[in-house]
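J.: Once you've had a glance at the structure underneath, I'll fire off some questions.
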Ligand code: HXC
Ligand code: NAP
């Protein structure tokens, strides 16, 4: 469906691009001709992803940064500008999340997730958009939210609050910055099995099977399906799509809200097992 030169001449900064969905988007955008600049905290996954992209003939570079730290984000954007030119697009994909009973959360746990998801997305948005506006360049922002950004969800309160904020920012900035030819859109994925998400949100094979059994298509998403949607939304073919949030969940939230309602009746042993798993994780 997508032509091989769809993103030729483009340069895209993707956060959280060393793993999971960010990695899949980076590989696909590079395959379609874009130079990709990868940002996250850990060096090894970024380096490996960049190596893979180059091995396939693509252009990739990376810098480590914690998106909660605006100065670090600014440094990463400056590095990106040295490697390519100032990226013309941004994918706010970096995130943190975990399943927890809210009354057990510490204030710092809430701050960690909101810091990564909401403030981190704002930091990257500000760092790039200021440069675009000052230079009179157009720009493109794609925010990865979740289906429960629109509905809320129990047991992931910091993530739900932060993703709702990112969704509000998507729609608000799409209007405020249309005059600068900066498009701002979002993708709301349903469940996609990635190591990062599954290790924190799906504590056992039984929990996975239960979730799957409730899915109308009886399957989870494939990262390449999300990557194709992202590439399209970032491309000039989507130039009139602005302020939109596209759901990609196989219909999981069409009649019932997404999220973790199915855990409302989970026995206390479920939560104790989850907390025990967390204690044992290195
Ligand atoms: C309760 C927890 C916790 C947990 C950490 N904390 N894990 N609280 N349950 N499972 C608390 C800590 O005790 C600490 O509070 C505070 O959170 C910060 O923890 P740190 O480990 O110091 O933070 P940090 O090193 O910044 O790590 C951030 C993180 C971690 C979010 C906690 O999980 C991470 O790095 N995640 C990145 C990847 C990720 O989460 N991917 C999943 C994305 S899936 P105190 O008070 O003790 O200091 C997704 C949507 C999926 O977003 C939707 C599916 C439908
Ligand atoms: P993932 O592999 O854990 O991706 C999260 C990425 O964010 C990691 O690469 C991580 O790298 C990076 N990151 C975390 N904290 C960071 C920080 N402070 N600064 C910079 N980078 C940071 O999980 P995923 O499933 O691919 O998730 C990708 C996106 O999809 C997220 O926005 C998530 O909310 C969304 N999503 C996923 C699902 C799903 O089912 N998988 C569903 C809905 C939405 P480092 O640890 O190296 O920093």
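The values are calculated or read from the model by the stated rules, or taken from the named source; none is laboratory data. Since the model is a prediction, treat every value here as computed from it, not as a measurement. Every residue, glycine among them, receives a Cβ derived from its backbone with ideal geometry; neighbour counts consider all protein chains shown.
J.: Which ones in segment 32-69 are touching a helix residue (DSSP H, G or I) at 6+ places or on another chain (Cβ under 7 Å), outside any helix (DSSP H, G or I) and within 16 Å of ligand 1 (Cβ to nearest atom)?
T.: 38, 39, 40, 64, 65, 66, 67, 68
J.: What tally of residues in segment 132-160 results from selecting those that are surrounded by fewer than 17 Cβ atoms within 10 Å (Cβ to Cβ), touching a helix residue (DSSP H, G or I) at 6+ places or on another chain (Cβ under 8 Å) and in a helix (DSSP H, G or I)?
T.: Qualifying residue count for the region: 1.
So that you can scan it fast, the table gives a plain yes or no per residue for (1) free of Cβ contacts under 8 Å to residues at least 40 places away in the same chain; (2) out of contact with any helix residue (DSSP H, G or I) (no Cβ under 7 Å at 6 or more places or on another chain):
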{"residue": "247", "(1), (2)": "no, yes"}
{"residue": "251", "(1), (2)": "yes, yes"}
{"residue": "254", "(1), (2)": "yes, yes"}
{"residue": "257", "(1), (2)": "no, no"}
{"residue": "261", "(1), (2)": "no, yes"}
{"residue": "266", "(1), (2)": "yes, yes"}
{"residue": "269", "(1), (2)": "yes, yes"}
{"residue": "282", "(1), (2)": "yes, yes"}
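J.: If we scan segment 197-212, do we find a residue that is over 22 Å from residue 278 (Cβ atoms) and either modelled with pLDDT under 95 or within 14 Å of ligand 2 (Cβ to nearest atom) (or both)?
T.: So far as segment 197-212 goes, yes, one or more of its residues are over 22 Å from residue 278 (Cβ atoms) and either modelled with pLDDT under 95 or within 14 Å of ligand 2 (Cβ to nearest atom) (or both).
J.: Name every residue in segment 91-112 that is surrounded by 23 or more Cβ atoms within 10 Å (Cβ to Cβ) and under 13 Å from residue 162 (Cβ atoms), in order of residue number.
T.: 92, 94, 95
J.: Another question, if that's okay. Criterion first (surrounded by fewer than 17 Cβ atoms within 10 Å (Cβ to Cβ), in contact (Cβ under 8 Å) with a residue 40 or more places away in the chain, part of a loop (DSSP other than H, G, I, E, B) and within 16 Å of ligand 2 (Cβ to nearest atom)) does residue 191 satisfy it?
T.: Here the answer is no, as residue 191 does not meet what is asked.
J.: Name the residue that is nearest to ligand 1 (Cβ to nearest atom), counting only residues in segment 157-189 that are within 16 Å of the chain's Cα centre (by Cα) and within 23 Å of residue 271 (Cβ to Cβ).
T.: 159
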